[in-house]
Amino acid sequence: MHEAEVGVLIVDTDVVRVEQQLRQGRLECPSCGAVLAPWGHGRPREVRGDLGARLFLRPRRARCSGCGITHVLLAQVVLPRRMDAASVIGAGLEIAARGMGHRTIAAELGLAEGTVRGWVRRFPFRAEDVRRHFTVALVALADEPVVPEASASTLADAVSAVVAAHRAAGAKWAGVNTVSRWEFAGRVIAGSLLTCASSPS
């Protein structure tokens, strides 16, 4: 692999915990499975959170000891190349799943229409993959899984699958309930809710 290649690894929001995992060799390269080692930091970024909150992040970077790829360690609270927190984007997708358009969603979330339009236009291209991914996760996690019934909307089906899988994971591991279902979803699917593959951010 060319050493200039850069990937993304979605990690815990707890910076101290992630640093410990990194220095103890407990984080693996998502490309080849080798151990990741500290490799500086990414550029600082500001992300819009719930209710107008501002989150300031400086993502850690790590380099694979095997393939040499550098990875940005992106906290699960955000998605790659997005200025809004995963929970905010997820809230918008849940409203879209009820049949609302981007203007209504933008008004409810207090965001620019163009921003929300981008999510609503992109997600349908990923929706079927997301639905399948989280339906498989639901079946694996739940003792008696109840798969959501299909609706007229692939987008709504994908949202329902995420919600059901998060509920099943929370019943299995109480700690999952401390993060939003969309933070959970972003981490499970490696950040690729709106894009086919994670990109550096």
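Rule-based calculations on the coordinates, nothing more; no lab input. It should be emphasised that the depicted structure is a prediction, and the values quoted were computed from it without experimental measurement. Ideal geometry is used to build each Cβ from the backbone, glycine not excepted, and the neighbour counts take in all protein chains shown.
Key figures for this structure:
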| quantity | calculated |
| --- | --- |
| Fraction of the pair-distance distribution of the chain above 20 Å, Cα-Cα pairs, percent | 58 percent |
| Rg/Rh for segment 6-75, where both radii come from Cα atoms and Rh is the Kirkwood radius | 1.02 |
| Selection of GluC sites (Glu not before Pro), segment 1-80, meeting DSSP coil and at most 11 other Cβ within 10 Å | E3 |
| Along each principal axis, Cα extent of segment 97-201, largest first, Å | 41, 34, 25 |
| Share of pairwise Cα separations in segment 144-201, more than 12 Å, in percent | 69 percent |
| Kyte-Doolittle mean at least -1.0, axial Cα span of 30 Å or more - DSSP H helices of the chain | 113-141 |
| Length-normalised contact order of segment 30-77 in % [C-alpha pairs under 8 Å, at least 6 apart] | 38 percent |
| For V35, net neighbour charge (Lys/Arg +1, Asp/Glu -1) across residues whose Cβ lies under 9 Å away | 0 |
| Charge-dipole axis of the chain as Lys and Arg at +1 and Asp and Glu at -1 on Cβ define it, positive-most pick from W173, V116, F184 | V116 |
| Potential lengthening between L51 and V147 on full extension [0.36 nm per residue; Cα-Cα distance subtracted] | 31.4 nm |
| Per-residue [θ]222 nm for the chain (sum of -39500 (n - 2.57) over DSSP H runs n ≥ 4, rounded to 500) | -13500 deg cm²/dmol |
| Full-stretch length increase - C67, A112 - with 0.36 nm per residue and alpha-carbon distance subtracted | 12.1 nm |
| DSSP bridge pairs, the chain: antiparallel proportion in percent, nearest 5 | 65 percent |
| For segment 48-117 and segment 135-152, distance of Cα centres in Å | 25 Å |
| Net dipole in debye of the chain [+1 Lys, Arg Cβ; -1 Asp, Glu Cβ; about Cα centre; nearest 20] | 540 debye |
| Listed residues P148, L36, G99: farthest to the positive end of the dipole of the chain (Cβ charges) | L36 |
